[in-house]
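I have placed the structure first, in the form of structure tokens, so that the comments after it can refer back to it.
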Amino acid sequence: MNLGENIFHAFEVVNKTHENVEKLMEFCKIMAAERKEFTLMSPKFLRYKSDSNYWGWNIRRMFLLFQDMQDEPLENGWREGPIYVLEIMLYDPDECFDTNEPRLEMAKFEYEDIEHFSPGVSPASYYYFEEPLYAVDYEEMEDNLLVAEMPEEITQRCWGVKRVVCTDVPLVDVNCENAYDIIFGTFKTLKDK
């Protein structure tokens, strides 16, 4: 195989992976709407994208935001409760994990004052969720959960986030039969942590 064929096949793999990620995100949106346990807060997925930096051409992390339907609705469109974050991480060059395999990260973000958030969320707002997940040291809890109280500088930069509880699973372990239980079941577990 020559270099041109290698590049072609590499893009085929990336495109097929993005297609499968889109199916997973659509599944999550549909299941949230049908089951009425969580509501989607980010109609478009959050991600880093840039025209001026080649790294921004490669979407490697995607975030979807949900909130618990039992939490009280607020005038700004959010709910009086935590934000549940689903991150699909395809590539981790920073080696934040023990393995370099694609991961699903599920997290609960607790805020000091969500009622003063602006309505809606932009796809470019990924940073407000990426930094609290990766820029602090986490402590281990039971059941493979990690927890971190946010330093004041991150709280100030990232919409007032105070605490994050999270866990992750290999993306390849998720399929159409277990995706709801893995993702939304984890959100339910995180609710009481």
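The values are calculated or read from the model by the stated rules, or taken from the named source; none is laboratory data. Just so you know, these numbers come straight off a predicted model, no measurement behind them. FYI the Cβ positions are ideal-geometry reconstructions off the backbone, even for glycines, and counts take in every protein chain you see. Ligands, DNA and RNA are stripped out before the accessible areas are found, and what is left, the full protein with its side chains, is counted by its heavy atoms. Shrake-Rupley method; radii C 1.70, N 1.55, O 1.52, S 1.80 Å.
Phi angles across region 60-77 convert, under the Karplus curve 6.51 cos²θ - 1.76 cosθ + 1.60 with θ = phi - 60°, into 3J(HN,Hα) values of 10, 10, 10, 10, 10, 10, 9, 9, 6, 5, 6, 6, 5, x, 10, 4, 7, x Hz, Gly and Pro given as x. Distance from the C-alpha centroid of region 125-141 to that of region 16-90: 16 Å, rounded to the whole angstrom. A helix-only calculation puts the chain at -10000 deg cm²/dmol for mean residue ellipticity at 222 nm, using -39500 (n - 2.57) for each DSSP H run of at least four residues, averaged over all residues. Sequence-ordered 3J(HN,Hα) estimates for region 159-169 from the Karplus curve with 6.51, -1.76 and 1.60 and θ = phi - 60° stand at 6, x, 4, 9, 8, 10, 10, 8, 7, 9, 9 Hz, glycine and proline given as x. Modelled label positions at I182 and T17, each set 7 Å beyond Cα in the direction of Cβ, lie 1.6 nm from each other.
A 1.4 Å probe run over the protein chains yields, for the chain, 57 Å² of accessible area per residue, whole-number rounding.
Checking (i) 1.05; (ii) 0.96; (iii) 1.14 against the coordinates, the calculated Cα Rg over 2.2 N^0.38 Å falls under label (i). Taking all protein chains together, H18, H9 sort by accessible area into H9, H18, largest first [probe 1.4 Å]. Here the Karplus relation 6.51 cos²θ - 1.76 cosθ + 1.60, evaluated at θ = phi - 60°, turns the backbone of region 34-46 into coupling constants of 6, 7, 6, 9, 10, 10, 6, 9, 10, x, 10, 6, 8 Hz, with x for every Gly and Pro.
Here the simple spin-label model places points 7 Å from the Cα toward Cβ, and for M1 and E72 these points are separated by 5.8 nm.
Between D94 and S118, the simple spin-label model (points 7 angstrom out along Cα→Cβ) gives 2.3 nm.
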